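So the structure is just underneath, and the comments pick up after that.
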Amino acid sequence: MTQILVIAEHDNLHLKAATRHVLSAAQALGGAIHVLIAGFGCESVVASASQLPGVEQVLHCEEASLAEGGAENLAQLVATLAAEYTHILAPATAFGKNWTPRLAALLDVAQISDIIRVDGPDTFTRPIYAGSLWATLRSSDPIKVVTVRPSAFEAVPETGGAAPVLQRPGVPDSRLTHRTGLTLTHSSRPELEAARVVVSGGRGLGSAENYQALLEPLADKLNAALGASRAAVDSGYVSNDYQVGQTGKIVAPDLYLAIGISGAIQHLAGMKSSRVIVAINKDPDAPIFGVADYGLVGDLHTLVPALTAAL
Amino acid sequence: MKVLVPVKRVLDYNIKARANAEGSAVELSGLKMSMNPFDEIAVEAALRLKEAGHAAEIIAVSCGVTACQETLRTAMALGADRSILVQTDMELEPLAVAKLLRQLILREQPGLVICGKQAIDDDSNQTGQMLAALLGWAQATFASRLDFTPGASRVEVTREIDGGLETLSVALPAVITTDLRLNEPRYATLPNIMKAKKKPLETLTPQALGVDVTPRLQLLRVAEPPPRKGGVLVSDVAQLVDKLKNEVKVI
Ligand SMILES: Cc1cc2nc3c(=O)[nH]c(=O)nc-3n(C[C@H](O)[C@H](O)[C@H](O)COP(=O)(O)OP(=O)(O)OC[C@H]3O[C@@H](n4cnc5c(N)ncnc54)[C@H](O)[C@@H]3O)c2cc1C
Ligand SMILES: Cc1cc2nc3c(=O)[nH]c(=O)nc-3n(C[C@H](O)[C@H](O)[C@H](O)COP(=O)(O)OP(=O)(O)OC[C@H]3O[C@@H](n4cnc5c(N)ncnc54)[C@H](O)[C@@H]3O)c2cc1C
């Protein structure tokens, strides 16, 4: 019998959208689905989770040691619950990637990272080599610890269910790590990984000033999230959480605009599943044109303001 | 304090990976292999700790085929003091690598392990966290800054997370995994490459360490993803806007 535990991502106030994408991977597996909300002062998250469709039960662990979502305590907690399940699923985000391998090691099982397809109860497909290849793997472990690429699975709706909530005990604080600082980028824009439209800039923009002056008005017009190549982040145009790619965020919006981005394989790994890709680049041979549905060759300094004006 | 740095030999990041004709594995024969870029950052982080007087000795470790010796020589040319190869022709999963590393750590007793956050071939992003769990140690993944206070029992690590940056106070000993912006790795100089040839390289086996590395995952198939169909160049902004509005209707 397939028994799935989905570990929700949240900040004690809001359930992150990634969780609803993971649920749809869980539904593809079939079987009973439980959702774990582990945190502190996270009642509103529990309320949201219990409304998710297709969930049989919400487990709620309320404990100060879980407030920061630290890997040591969370992995320990999930390890105490794991025996009742055949599958443990979490999003392949910075949150999920941080603690799931720790859980897998505590359970002495392999982890299957970043799946993009469910092929069967024990068989999954995941990208390797920056998405150049897809590998299909079968696990022989009794418990499958799996992280799910959110952009590869449609999110389930926010409401439609009415799952009962069961309180479960937490775990004592390991005291191995504690948070001493948190700097979050505040933006009125949609979340990069959930946005319908993403406007992304690369080294071709030349400076942080140009990035802002050219891309923000365009993103405003399109109600888009802003993204960047690694070169743009390394050059200090924007902060690290804007990076799209193999080692940054993986996005698959309806529309992705790559502006002054050459299209290195590591960047393509993060955006080539977008529905429509537009590239603006002055180099007609730039590899980005190989994946773009629509390419515009020319100087971004004139083309981007013209595009903004035309929308 | 000793620092242990696991380094993986991977297909060079400039080379596009392809499946073999049978679709059963990745074709690696005859292709350029290099140190995983995140591990170069890990070696650099260890060197800077040594240069700042926080670390006494740097040990590089690689698990895999005999040719991983080259990767270890590179680590020693960059400044690692000695290295250990856990030699096997078996395909190693992250859990197996973590178990091999644990055995070496029980023997070497380092105060810190610095891994790459992910290997750019399998992109698993697991080994460091698994190792920390097996040792019962603290972990700090995706590090973009390390702040050591001499003699302190904890280290401050800044991590790249989804919404921005988080700083953790981390109890030592610990496992840290490196993100891209932790540092810019140095290049090995010719004299140091020569010197590295004389540095100690010990070879062990999984059997000697008492670790069962039998895979838990079976690779059924490796295939190229469905290609994106080629797009078109548009002549101007007006045509682009028209296509987006009327052809694909995304705006
Ligand atoms: C281990 C590893 C991991 C990596 N991970 C990532 C990752 O996650 N994400 C990522 O993005 N990269 C990643 N990279 C880096 C990647 O290899 C490229 O270096 C990077 O994507 C290049 O960024 P770019 O396209 O902005 O810059 P460039 O390659 O320098 O391209 C700039 C482009 O702008 C164009 N341009 C310049 N001026 C103008 C103008 N006036 N008008 C129009 N076009 C103009 C140029 O023609 C050029 O095509 C990684 C690399 C390694 C080794
Ligand atoms: C197409 C393909 C199919 C495969 N099929 C199988 C299979 O069927 N069965 C099987 O058992 N294996 C298989 N493998 C190999 C195995 O999956 C990988 O080697 C393993 O998953 C390691 O993952 P990773 O390197 O991405 O780990 P990550 O967790 O991403 O690595 C993170 C860090 O851990 C350290 N590290 C990782 N590996 C080593 C190492 N060997 N030595 C030293 N340090 C290391 C490094 O610091 C590295 O930066 C396959 C590999 C490929 C490419």
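Quick one: in region A:103-130, which of the residues that are assigned to a loop (DSSP other than H, G, I, E, B) and surrounded by 24 or more Cβ atoms within 10 Å (Cβ to Cβ) is farthest from ligand 1 (Cβ to nearest atom)? Don't jump to the end; show me each part of the working.
Initial filter on region A:103-130 (assigned to a loop (DSSP other than H, G, I, E, B)): A:108-110, A:116, A:121-122, A:129-130.
With surrounded by 24 or more Cβ atoms within 10 Å (Cβ to Cβ) added as a condition, the list becomes A:110, A:129.
On the way: A:ALA110: 24, A:TYR129: 12 Å.
Among residues in region A:103-130 that are assigned to a loop (DSSP other than H, G, I, E, B) and surrounded by 24 or more Cβ atoms within 10 Å (Cβ to Cβ), the one farthest from ligand 1 (Cβ to nearest atom) is A:ALA110.
Any idea which of A:SER50, A:SER65, A:SER113 is among the hydroxyl-bearing types (Ser, Thr, Tyr) and closer than 20 Å to B:ALA171 by Cβ?
A:SER65
For residues that are surrounded by 17 or more Cβ atoms within 10 Å (Cβ to Cβ) and of a type in the set (S, T, N, Q), scanning just region B:2-41, find the one that is nearest to ligand 1 (Cβ to nearest atom).
B:ASN36
Listed residues A:ASN223, A:ASN210; which is away from ligand 2 (no atom under 16 Å from the Cβ), over 18 Å from A:ALA292 (Cβ atoms) and either within 11 Å of another protein chain (Cβ to nearest Cβ) or among the basic types (Lys, Arg) (or both)?
The unique qualifying residue is A:ASN223.
Residues that are away from ligand 1 (no atom under 16 Å from the Cβ): list the strands (runs of 3 or more DSSP E) wholly contained in region A:160-241 that include at least 2 such residues.
In region A:160-241, A:165-167, A:177-184 are the strands (runs of 3 or more DSSP E) which contain 2 or more residues that are away from ligand 1 (no atom under 16 Å from the Cβ).
Please go through region B:184-242 and give me each residue that is more than 11 Å from chain A (Cβ to nearest Cβ), surrounded by 15 or more Cβ atoms within 10 Å (Cβ to Cβ) and within 16 Å of ligand 2 (Cβ to nearest atom), ordered by number.
Passing the criteria: B:PRO185, B:LEU201, B:LEU204, B:PRO206, B:LEU209, B:VAL211, B:VAL213.
Filter region A:290-311 down to the residues that are more than 7 Å from chain B (Cβ to nearest Cβ) and not in a loop (DSSP other than H, G, I, E, B), then identify the one that is nearest to A:LEU218 (Cα to Cα).
Step one: filter region A:290-311 for residues more than 7 Å from chain B (Cβ to nearest Cβ), giving A:290, A:298-302, A:304-305, A:308-309.
Checking which are not in a loop (DSSP other than H, G, I, E, B) leaves us with A:290, A:300-302, A:304-305, A:308-309.
Numbers: A:GLY290: 24, A:LEU300: 12, A:HIS301: 12, A:THR302: 13, A:VAL304: 8, A:PRO305: 8, A:THR308: 5, A:ALA309: 9 Å.
Applying the filter and picking the extreme gives A:THR308.
Among the residues of region A:242-256, write down those that are part of a loop (DSSP other than H, G, I, E, B), among the aliphatic types (A, V, I, L, M) and in contact with a Leu (Cβ under 8 Å, 6 or more places away or on another chain).
A:VAL251, the sole residue that qualifies.
Tell me, please, whether a residue that is assigned to a helix (DSSP H, G or I), in contact with a strand residue (DSSP E or B) (Cβ under 8 Å, 6 or more places away or on another chain) and over 22 Å from B:ALA171 (Cα atoms) can be found in region A:84-99.
yes
Can you tell which of B:ALA119, B:ALA133, B:ALA98 is of a type in the set (A, V, I, L, M, F, W, C), near ligand 2 (Cβ under 6 Å from one of its atoms) and either facing another protein chain (nearest Cβ under 8 Å) or assigned to a loop (DSSP other than H, G, I, E, B) (or both)?
Working: B:ALA133 fails: near ligand 2 (Cβ under 6 Å from one of its atoms); B:ALA98 fails: near ligand 2 (Cβ under 6 Å from one of its atoms).
That would be B:ALA119, the only listed residue that is of a type in the set (A, V, I, L, M, F, W, C), near ligand 2 (Cβ under 6 Å from one of its atoms) and either facing another protein chain (nearest Cβ under 8 Å) or assigned to a loop (DSSP other than H, G, I, E, B) (or both).
Quickly run through region B:111-139 and pick out the residues that are over 24 Å from A:VAL148 (Cβ atoms) and either crowded, with 24+ Cβ neighbours inside 10 Å or modelled with pLDDT under 95 (or both).
B:LEU112, B:VAL113, B:ILE114, B:ALA138
Condition check: over 30 Å from B:TRP137 (Cα atoms), more than 16 Å from ligand 2 (Cβ to nearest atom), within 22 Å of the chain's Cα centre (by Cα) and of a type in the set (S, T, N, Q). Does A:SER188 satisfy that?
yes
For A:ALA258, all conditions in the list (1) facing chain B (nearest Cβ under 9 Å); (2) more than 7 Å from ligand 1 (Cβ to nearest atom); (3) at pLDDT 95 or above hold save one; what is the number of the exception?
(1)
Inside region B:60-84, can you point out the residues that are within 12 Å of ligand 2 (Cβ to nearest atom), over 29 Å from A:LEU107 (Cβ atoms) and in a strand (DSSP E or B)?
Of everything in region B:60-84, those that are within 12 Å of ligand 2 (Cβ to nearest atom), over 29 Å from A:LEU107 (Cβ atoms) and in a strand (DSSP E or B) turn out to be B:ALA60, B:SER83.
Would you mind finding the one in A:LEU23, A:LEU36, A:LEU52 that is modelled with pLDDT of 95 or more, in a helix (DSSP H, G or I), closer than 21 Å to A:THR93 by Cα and in the same structural domain as A:ARG138 (by TED's automatic domain parsing)?
After ruling out the rest, the residue left standing is A:LEU23.
The values are calculated or read from the model by the stated rules, or taken from the named source; none is laboratory data. All figures in this text were calculated on a predicted structure; none of them were measured in a lab. Note that each Cβ is placed from the backbone with ideal geometry, even for glycine, and that neighbours are counted across all protein chains shown.
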